[in-house]
Amino acid sequence: MAKILICFASTTGNTEQIADLLQSYLEEEGHLVFIEDVMEIDPTYISGYDATFIGTYTWDDGDLPFEIEDFYEELEEEDLTGIPVGVFGSGDTSYNHFCGAVDTIQERVRQCGATLIADGLKIEMNPSDEEDESKCRSFAQKLTNHLSE
Ligand code: FMN
């Protein structure tokens, strides 16, 4: 059983729904999952867990939303060498940079030395059908596989 942190930024609840799904799938796998609003924590929390999922929606032209900006800035100071991290988010394909914030966070996490468990999980709005649920389950599974390697 691993201790896993899921932190996220969400205004209308779509990213939170993804976080909730990931939490339930990880719990089914027997993990202990802690879910936090990204504004309530800082990146030093990450080293207190076996693995972390970071979630964000995307704002403006592929930008980070303000809720995660401080976390993003502070991440630069963290050494996450060898820590498994997955980045997920919700976006809208009608914008030019679909889920651009997921890519931005992922790049920062990579620069901090974290081990990315997979390419970022990008969901159109909220996880609304079986295909989305399956993508979320598979993303959670990748983390579990990673921890058991
Ligand atoms: N989604 C994208 O993928 N790329 C964008 O550049 C983008 N810009 C947005 C700008 C505005 C003003 C608004 C209202 C939405 C934008 N979105 C964009 C869509 C949101 O990311 C999407 O609605 C998301 O599901 C919101 O997540 P939340 O419910 O977790 O807050």
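The values are calculated or read from the model by the stated rules, or taken from the named source; none is laboratory data. Treat the numbers as computed from the prediction; the structure is a model and nothing was measured. Surface accessibility is based on the protein's heavy atoms, side chains included, excluding ligands, DNA and RNA. Shrake-Rupley method; radii C 1.70, N 1.55, O 1.52, S 1.80 Å.
Rounded to the nearest 10 Å², what accessible area does Lys3 have for a 1.4 Å probe in the complete protein model?
Around 80 Å² of this residue is reachable by solvent.
Quick one: Debye curve from the C-alpha atoms of the range 72-126, no solvent, what's log10 I(q)/I(0) at q = 0.21 Å⁻¹?
-0.74
Helix-only mean residue ellipticity at 222 nm, the chain, DSSP H runs n ≥ 4 weighted -39,500 (n - 2.57), per residue, nearest 500. What is it? Don't jump to the answer; show the numbers that get you there.
Working: 4 runs with 53 residues, N = 149.
Calculated mean residue ellipticity at 222 nm is -11500 deg cm²/dmol.
I'd like to check one number: the per residue accessible area of the range 3-148, probe 1.4 Å, reported in Å² as a whole number. Walk me through the numbers on the way to the answer.
Details: 6950 Å² over 146 residues.
Heavy-atom SASA per residue in the range 3-148 reads 48 Å².
Counting only protein heavy atoms and a 1.4 Å probe, tell me what percentage of the range 3-148's accessible area is made up of carbon and sulfur.
On the way: 2870 of 6950 Å².
Accessible surface attributable to carbon and sulfur in the range 3-148 totals 41 percent.
So what are the range 1-116's ellipsoid semi-axes, whole angstrom, largest first, if each one is the square root of 5 times an eigenvalue of the alpha-carbon gyration tensor?
Details: eigenvalues 90, 59, 28 Å².
With the √(5λ) rule applied to the range 1-116, the semi-axes are 21, 17, 12 Å.
Over 16 Å apart: what share of the alpha carbon pairs of the range 1-50 falls there, rounded to a whole percent?
Details: 485 of 1225 pairs.
So the pairs more than 16 Å apart make up 40 percent of the total in the range 1-50.
How much of the DSSP bridge set in the range 57-149 is antiparallel, in percent, rounded to the nearest 5?
Details: 1 of 8 bridges.
Around 10 percent antiparallel, to the nearest 5.
Looking only at Thr115, Thr15, Thr58, which one moves most when the chain is put into a Gaussian network model with springs between Cα atoms under 10 Å?
Among Thr115, Thr15, Thr58, the largest GNM mean-square fluctuation belongs to Thr115.
Would you mind calculating the relative contact order of the chain from Cα pairs under 8 angstrom and at least 6 residues apart, reporting the percent as a whole number? Don't skip to the answer; put the middle values down first.
On the way: 300 pairs, mean separation 39.0, N = 149.
So the answer I get is 26 percent.
Normalised by the empirical 2.2 N^0.38 Å for globular proteins, what value does the Cα Rg of the range 51-142 take? All intermediate terms of the calculation are to be shown ahead of the outcome.
Working: Rg = 13.0 Å, N = 92, 2.2 N^0.38 = 12.3 Å.
Rg over 2.2 N^0.38 Å, computed on Cα atoms: 1.06.
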